[in-house]
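Before any comments, here is the structure.
The values are calculated or read from the model by the stated rules, or taken from the named source; none is laboratory data. Owing to the predicted nature of the structure, the values given are computational and were not obtained by experimental measurement. Counting neighbours? That spans all protein chains shown, and the Cβs are built from the backbone with ideal geometry, glycine included.
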Amino acid sequence: MKKCMLIVFLCFAFMAHPVYAKDENLNIVFIPKSSDQDFWTFMRDGVNKAILETGKVTLTWRGPRYNDDSDSQIAILKMYTRPGIDAILIAPTDRVRLVEPIRKAAALGIKMIVLDSAVDGNYHQNFITTDNYAGGKLAAKHLSELLNGQGRVVVYRTVAGSASTEDRANGFLAYIKEKSPKITIVADSYGGGSRGKSLHSATELLKNTPKIDGIFAVNESSSDGMLRALRNAGLAGHLKFVGFDTTEFLLDGLEKQEIHGLVVQNPRQMGYLGIKAAVAAINNAPNKDRIIFTDTTMVTRGNFKNPEIKALLVP
């Protein structure tokens, strides 16, 4: 409840600073993690809404194709680290490797807003993100209830160094250790940053791991690859599977009871607040809340057609 009240307050606070530091358009660059996931389509919707409300913004949207391509993301950030750029919003693919290029952009006077996934260092004005650790605990609670508190479980990650997904896995593991000690983690592995890599890795994981009762996949691509691998192996629906994020493909799995829960974020809200934070930073508005959390929701076959849930699921 407190988080929701904070988010509402921040929306009004950001909208309360409509005076621009200069007459011409503000030049804002948004660098997502990838272009192959629906998550960024949702976020672009929120970005566009904020720009419509704000006015006087020229937006450049450019990111790597896959969320494990840190080299491309760093090259894009360097490309836009130049005079005339007022703010850059970035969802870092790697919390360590992005520190120095973010520092260089900030040193040039560019306002830096980090979204979705944390980055080390202290060179950005705001960090706007899902409470990913809490999201991982939410997934663990749901899967534990499905398994009656016992069984053999796989944690299926995406790429090392991605702070948001690591936080989800760590929250999941912490909950299991504290609340469900009879659940055994039989595998904890990385699948790769694309659907194709995830499918290949999940296929090998299922082949090499005897007797699995439950699976937690930490993001859209890992959930997608795991569901495809389960279907190919004839295991879909035969074990309990909780994923993260949503697509039409994953919702189809939910409806067919091949997926038993999806932890869904609110990337629209994240993108919206990101633009508002960038404009406020450009205008040197007071920055009282450097870290802004957005919520997660557990979506199940029983609630995914509810109107308030559907609003989170359709790009």
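If the condition is being of a type in the set (V, I, T) and assigned to a helix (DSSP H, G or I), then region 242-291 contributes I275, V279, I282.
Can we say L89 is under 28 Å from K56 (Cα atoms) and surrounded by 18 or more Cβ atoms within 10 Å (Cβ to Cβ)? Can you show your working first?
Numbers: under 28 Å from K56 (Cα atoms): yes; surrounded by 18 or more Cβ atoms within 10 Å (Cβ to Cβ): yes.
Yes.
The sole residue among K141, K197, K177, K182 that is modelled with pLDDT of 95 or more, in contact with a Gly (Cβ under 6 Å, 6 or more places away or on another chain) and basic (K, R) is K182. Listed by position, the helices (runs of 4 or more DSSP H) contained in region 128-232 that have at least 3 residues being under 19 Å from D295 (Cβ atoms) and hydroxyl-bearing (S, T, Y) are 163-179. As a summary of the residue check, S164 satisfies the conditions (1) of a type in the set (G, A, S); (2) free of Cβ contacts under 8 Å to residues at least 40 places away in the same chain; (3) under 27 Å from A229 (Cα atoms) except for the one numbered (2). Show the residue pairs meeting these rules: Cβ distance below 8 Å; 6+ apart or different chains; first residue within region 44-65 and farther than 16 Å from K33 by Cβ; second residue of a type in the set (S, T, N, Q) and modelled with pLDDT under 95. Close Cβ pairs satisfying both conditions: K56/N25; V57/N25; T58/N25. Which of (1) at pLDDT below 95; (2) farther than 17 Å from Y133 by Cα is the odd one out, the single condition L250 does not satisfy? Only one criterion is unmet by L250, namely (1).
Just one of the listed residues (E178, E204) is charged (D, E, K, R) and under 28 Å from R65 (Cβ atoms), namely E204.
Is it the case that region 292-306 has a residue that's among the basic types (K, R) and either in contact with a Phe, Trp or Tyr (Cβ under 9 Å, 6 or more places away or on another chain) or in the same structural domain as R152 (by TED's automatic domain parsing) (or both)?
No, the conditions are met nowhere in region 292-306.
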